[in-house]
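What follows is a single structure, written as structure tokens, with notes after it.
What follows is calculated from the coordinates using simple rules that are stated; it is not laboratory data. Just so we're clear, the structure is a prediction, and the values are computed from it rather than from any experiment. Don't worry about glycine lacking a Cβ; one is built from the backbone with ideal geometry, like all the others, and counts go over all protein chains shown.
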Amino acid sequence: MTGFVHRQLRDFAIAGAFAILIASVAFVAVRNRELIERQLGLADRSAAALAEDREPLPTVHGALIGPALPSPKHAFLRHREVREGAAWRTLASSRPDDKLFYDAATRFDRDHQPFVDLLRDGSGRAVAARAHGTEVAVAVTVPIAPASYPLLVMIGVLGLGAALTAAGALAGGVAARIGAFAGLAVLAIPTLLWHSWFAALAIGLVALAVVQLQRAGLTDRLARGLHHHRVAVSFLAPAGLAMLALVAAPFLLGLILGFYDHHQGTWSFVGLHNFVEILSGNGLDDPLNFWFTLGVTVLWTTCNVVLHVVIGVALALLLSRKWMRGKGVFRMLLILPWAIPNYITALMWHGMFDGQYGAINSLLHAMGLSGVSWWTSWLPSFASNVITNTWLGFPFMMVVALGALQNIPTELYEAAAVDGASSWQRFRHITLPHLRPALGPAVALGSIWTFNMFNVIYLVSNGKPGGTTNILVTDAYRWAFERGDRYGMAAAYGTIIFGILLLWNVLGGRLVRSKEADA
């Protein structure tokens, strides 16, 4: 009887928590929706009033924006004339940024139709634009103070999901799968309220995947393993949570953003459009084809990794000789390029490559040679990047090779010398096979680092001349911050880069394993 009462109280508490959470979320959602609709209506009516030469409402900022005309000083620049509305004089203390009005006029010119929309800056302001002859009538509402919508929704949704999942876990069997699916699917509520159907679908698919894992019994085995190793898990949990927050969450967010387009503070779902635009090479603002940049990136990675391995192994072989004096000093000096932060090294080399005051051209002049204009043509500019990154990367390969060389038994070399093997034969049949297991992972890491080496490209050549020495990661940066804040396009670039590196590592791993099997 007591157990029955406890179960009833538990079910009642869970049901009461559900009711409170759902009622809170619904109340906040309805209240904020009413505020948003009110703001949209105010902006739309004020823009219509300005378009008809009437004054806007007293709590709305308004202005008439002239057409985009060529600048009298620079023909390639465009400027607009602004004629202030009456509301700007009455609300001068809270006058919004002029950029909002210019962006709204630009959007009106692009879409060729009136619009009213909510600004995505969290202020609750709405903006509307209508035609006024050759001008554009723009109205912007004042900020509002909505309820703590995101925070309350997230707290409520997380609590609801946890309660449903816990209830299912306590029940066991089919109820456990139902509870897990319901608990995870509830996380889609915020995305549905914010009209993000793609994110809601993704969360639903994750919930279905969890249910399938439960049916296969994987979650039960995982729970037993966690219980058995609970002490180790408690030590690993802080690092795991940090990785989840700093690596996994941004990674998933970047994947999702690749399916959206960002324009003038507004996000819109575009599906695979960003990826098609990149891979087809038809980017409206992209000066170079994606495939050309990919070719430069592959050539950049190949040249650097080859030079890193060759120079690093050669120096390691030299420092491992018994007759070599002062090995500790040389090792310390050769590791310095790796120890110094790479952006500082990149800036130093940029100064040395300067055509007028750089140390490299000064040295060439002292030797009776003519200086090089490093960033006016592709080959010298590309070479300056490779030289800088080679200086940064060879110490890593040298340290790895030194560690591997110290583990090679000296008896092998002595036996080979007795058998009459030459130096090349000893290197080929003894040194190289023992270096390969250590250099394999180092080459894979070096390839990833070099493929994404943003600092050197951006700080040394900055993509000159004309962006021809850009690599994929610097091109993604330019989409995000130099080509109209196209964050969705930059995220799509990041997804493509991840796919290329993943494919490279999978194929490289299989190739290495096949060679080891043949050996």
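Here are the numbers for the structure shown:
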quantity: Magnitude of the charge dipole, the stretch 293-474, Cβ model with Lys/Arg +1 and Asp/Glu -1, debye to 20; calculated: 240 debye
quantity: Size descriptor, Kirkwood hydrodynamic radius, that averages inverse alpha-carbon separations across the stretch 370-464, Å; calculated: 16.1 Å
quantity: Sequence of Ile496, Ile408 once ranked by neighbouring C-beta atoms within 10 Å, starting from the fewest; calculated: Ile408, Ile496
quantity: For His132, residues with placed amide H under 5 Å, excluding near neighbours; calculated: Ala137
quantity: Per-pair calculated FRET efficiency, R0 = 30 Å: Lys99 and Tyr343 via Cβ, rounded to 0.05; calculated: 0.45
quantity: Label-point separation, Val247 to Asp485 (7 Å along Cα→Cβ), nm; calculated: 3.2 nm
